[in-house]
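Colleague: Take a look at the following structure, please.
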């Protein structure tokens, strides 16, 4: 069993087309193949405003799969610690032995989540999308945008956050790292009305985006809600959507944006991202459609990125050894 | 995050009274305290006759808890590999960070399972039990007996296994290691009729022990069944039991010996081991009772042994450092 540190992992993995392809393939497998993806196991530590989620998925026929522990402890920042963390175990599916511990502190989760956003945008957003709107100013607000630039030519970013200082820091970071001008907006409405693609990245428990603000052709990726108490999109957004997509429908109904939508017809017509990748259902077909994709995070993404990084780590070892 | 190898773990942990106390305390907590113990997560790899189980339990107020991956791959022996394996992750409950990876290859599971058998025998078997009967000849057949010798003065062992060679190897090992004479019996019936305490340790899918063989005063611990398709005790054994105990009732009803018992009255009167440890219910009260304890394996045992071994590893480090 190998143990890889965050430093070693960061040396080999990037938020690039190669990773996005792996994540896209994972969604395709989730739709087309025999996949075992048990319900998320969860331990809550209310005293510490903490939770640990355990996810796993095995795609039948593959020779390994991941088990991921990810934690969110919202008292951590006051102790000088990051609120999220965790690790992945890559299991050998041929003999049940652990192949590797990826002590990634949640970094791979960050990357596979951002990559899923890019896959959603690739299949759902207008090809000529130029303006990205970002709700939230944290790690995913940065990574989702970075991922998006791989699939769409983003020329301007509008951002909104609750905290002005963090919004300014976001503007500073993005302008420096991605060389894209950022405007800090004074309302979510302004961001939504201005943008071609909107990505919501908050742990909000009340709706932030409303249907009446949507213009034709907009695509929204909502990646914040992954628990029973979270919600970023008002039901009116889902009602407005011409195409409504989610990563895994049963999860979205339980933990994602579909949860608070009571309209059966809307729930019924939600389709899975993998079914769009496979060609079974069409994604966007014209520039007037409003598309919404809800991402709750799936075990197949964890298995895909764990297998990908393990392969990269091993080819690196081989190349360092001169083979 | 520390990573400990099996070798390091074996240096500090023993199947001793200290461990048994921790496991007993775990059952007590399971009964008395607020415990989060989500249903077991399971991935099946039918091609390889393999399965990976993921267990966890958090006892509210404790500062850490374990997440355990354990595998059983029954094609492994033909490849020269052990059929069981796995590892444990000890999580810090104050901040969600992994404290340690215990790369124990399933050793801690073996020990905590054996320790539970000793706890069951302590509370249920006659104090004057002298003859132990063991069904099965594998690792648990050895460890359960070893654990039993800590709580009862065993003077003779009767063993039965399907494979004569393995039964002889068992006799040889036990006589050498525990200095207790072993008789290889030619039937399960002979073992059950002769013994004060019977421990069943097989992955059998059909009943091995029948009620008509039980004499007054016998105690049976059935630790083999931990899945929907396994069963070691015929329903007649449960009907005969004056006291019927299980580690966790809902698990026993789903995965253990209670599963195949259709008699509602029997199911209703099954109590949990922790309730006996707590004094809420009596264990054995006289030498004529027949007692049966079904062990399916619980996440609180994993958390207890992971915390215990972590403490031992750290006090060892301290003592090596001269503190």
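The values are calculated or read from the model by the stated rules, or taken from the named source; none is laboratory data. Keep in mind it's a predicted model, so treat the numbers as computed, not measured. Please note: Cβ atoms are built from the backbone with ideal geometry, for glycine as well, and neighbour counts cover all protein chains shown.
Colleague: In this structure, is residue A:86 in contact (Cβ under 8 Å) with a residue 12 or more places away in the chain, touching a strand residue (DSSP E or B) at 6+ places or on another chain (Cβ under 6 Å) and more than 7 Å from chain B (Cβ to nearest Cβ)?
Modeller: Yes; evaluated as a whole, the condition is true for this residue.
Colleague: Would you mind listing the helices (runs of 4 or more DSSP H) fully within region A:133-198 where at least 3 residues are modelled with pLDDT under 95?
Modeller: none
Colleague: Do any helices (runs of 4 or more DSSP H) lying entirely in region B:201-296 carry at least 2 residues that are touching a residue at least 60 places away in the same chain (Cβ under 8 Å) and crowded, with 24+ Cβ neighbours inside 10 Å, and which ones are they? Can you show your working first?
Modeller: Values: elements: B:235-240, B:249-255, B:264-269, B:273-277.
In region B:201-296, B:273-277 are the helices (runs of 4 or more DSSP H) which contain 2 or more residues that are touching a residue at least 60 places away in the same chain (Cβ under 8 Å) and crowded, with 24+ Cβ neighbours inside 10 Å.
Colleague: Please determine whether any residue of region A:62-77 is farther than 20 Å from residue A:229 by Cβ, without any contact (Cβ under 8 Å) to a residue 24 or more places away in the chain and at the interface with chain B (Cβ under 9 Å from one of its Cβ atoms). Working first, answer last.
Modeller: Kept after step one, since they are farther than 20 Å from residue A:229 by Cβ, are these residues of region A:62-77: A:62-69.
Pick out the ones that are also without any contact (Cβ under 8 Å) to a residue 24 or more places away in the chain and you get A:69.
Those left that are additionally at the interface with chain B (Cβ under 9 Å from one of its Cβ atoms): A:69.
Checking region A:62-77: at least one residue is farther than 20 Å from residue A:229 by Cβ, without any contact (Cβ under 8 Å) to a residue 24 or more places away in the chain and at the interface with chain B (Cβ under 9 Å from one of its Cβ atoms).
Colleague: Can you find even one residue in region A:39-53 that is facing another protein chain (nearest Cβ under 8 Å), without any contact (Cβ under 8 Å) to a residue 12 or more places away in the chain and within 25 Å of residue B:104 (Cα to Cα)?
Modeller: yes
Colleague: Can you report the number of residues in region B:125-138 which are surrounded by fewer than 23 Cβ atoms within 10 Å (Cβ to Cβ) and touching a strand residue (DSSP E or B) at 6+ places or on another chain (Cβ under 8 Å)?
Modeller: 4
Colleague: Next question. Being touching a strand residue (DSSP E or B) at 6+ places or on another chain (Cβ under 7 Å) and facing chain A (nearest Cβ under 10 Å) is the filter here; which residues of region B:89-109 pass it?
Modeller: If the condition is that a residue be touching a strand residue (DSSP E or B) at 6+ places or on another chain (Cβ under 7 Å) and facing chain A (nearest Cβ under 10 Å), then B:89, B:91, B:92, B:93, B:95, B:96, B:97, B:98, B:101, B:103, B:105, B:106 are the ones that fit.
Colleague: Moving to a separate point now. Looking only at region A:15-38, count how many residues are under 26 Å from residue A:139 (Cβ atoms) and touching a residue at least 12 places away in the same chain (Cβ under 8 Å).
Modeller: First, pick out the residues of region A:15-38 that are under 26 Å from residue A:139 (Cβ atoms): A:15-27, A:30, A:37.
Checking the rest, the ones that are also touching a residue at least 12 places away in the same chain (Cβ under 8 Å) come to A:15-20, A:22-27, A:30, A:37.
Final tally of qualifying residues: 14.
Colleague: What is the number of the single condition among (1) surrounded by fewer than 24 Cβ atoms within 10 Å (Cβ to Cβ); (2) away from chain A (no Cβ under 14 Å); (3) part of a helix (DSSP H, G or I) that residue B:112 does not meet?
Modeller: (1)
Colleague: For region B:35-59, which positions are part of a strand (DSSP E or B) and more than 16 Å from residue A:299 (Cβ to Cβ)? Break it down into steps so the answer makes sense when it comes.
Modeller: Quick first cut of region B:35-59, residues part of a strand (DSSP E or B) only: B:35-36, B:41-45, B:50-59.
Those that are part of a strand (DSSP E or B) and more than 16 Å from residue A:299 (Cβ to Cβ): B:35, B:36, B:50, B:51, B:55, B:57, B:58, B:59.
Here is a yes/no grid of residues against (1) surrounded by fewer than 22 Cβ atoms within 10 Å (Cβ to Cβ); (2) at positive phi:
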| residue | (1), (2) |
| --- | --- |
| A:21 | yes, no |
| A:32 | yes, no |
| A:47 | yes, no |
| A:65 | no, no |
| A:69 | no, no |
| A:81 | yes, no |
| A:86 | no, yes |
